Amino acid sequence: MQDPEDVRRIALSLPDTTEKTAWGMPTFRVAGKMFATLPEDETSIAVRCPKDERDELVLAEPEKFWIARHEAQFAWVRLRLAALEDEGELRDILADSWRQAAPDRLLEAHPGLGLPAQG
């Protein structure tokens, strides 16, 4: 099972990522833009996710993903750490959220983390 220390370790391994406490919880930022948080009792994380994809995730895997009421108007989704399959899934989710917040200069400097090719 993944835990808050796994989230912290993976998030901070992403380029230009910093940790900052905001609203009483750890948040992870790239170039000053937040891409992940460890809310409440740190059994879940919130990450950036386009609304259309977020809605599909929640419908497909409601035991893993949900939308917090106060975040519904934003492009964020929450996920239960205990429901993640493995560290690879957590790494993929955090990297995807990082890509959505990272400026182009970082995406260009780190092509392995850049946006997938359009086909």
Would you pick out the residues in the range 33-42 that are at pLDDT below 95 and surrounded by fewer than 17 Cβ atoms within 10 Å (Cβ to Cβ)? E40, D41, E42
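In the set D3, D16, which member is closer than 21 Å to A102 by Cβ and either open to solvent by less than 20 Å² (accessible area, probe 1.4 Å) or in contact with a helix residue (DSSP H, G or I) (Cβ under 7 Å, 6 or more places away or on another chain) (or both)? Even if it seems obvious, please write down each step before you answer.
Working: D3 fails: closer than 21 Å to A102 by Cβ.
D16 is the lone residue from the list that is closer than 21 Å to A102 by Cβ and either open to solvent by less than 20 Å² (accessible area, probe 1.4 Å) or in contact with a helix residue (DSSP H, G or I) (Cβ under 7 Å, 6 or more places away or on another chain) (or both).
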So the check is Cβ under 8 Å with 6+ separation or different chains; which pairs have a first residue in the range 6-26 that's touching a residue at least 60 places away in the same chain (Cβ under 8 Å) and over 12 Å from T37 (Cβ atoms) and a second one that's open to solvent by less than 20 Å² (accessible area, probe 1.4 Å) and in a loop (DSSP other than H, G, I, E, B)? P15/A102; D16/A102
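Within the range 64-84, is even one residue of a type in the set (D, E) and open to solvent by 60 Å² or more (accessible area, probe 1.4 Å)? Steps first, please.
Start the filter on the range 64-84 by keeping residues that are of a type in the set (D, E), which leaves 71.
Okay, now just the ones that are also open to solvent by 60 Å² or more (accessible area, probe 1.4 Å), so none.
Checked the range 64-84: no residue is of a type in the set (D, E) and open to solvent by 60 Å² or more (accessible area, probe 1.4 Å).
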Of all the residues that make up the range 43-59, how many are assigned to a strand (DSSP E or B) and either more than 15 Å from W98 (Cα to Cα) or modelled with pLDDT under 95 (or both)? 1
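The values are calculated or read from the model by the stated rules, or taken from the named source; none is laboratory data. Computed from a predicted model, the values in this text were never measured in an experiment. All Cβ positions, even for glycine, are placed from backbone atoms using ideal geometry, and neighbour counts span all protein chains on display. Protein only, heavy atoms only, side chains kept; ligands, DNA and RNA dropped before computing areas. Shrake-Rupley method; radii C 1.70, N 1.55, O 1.52, S 1.80 Å.
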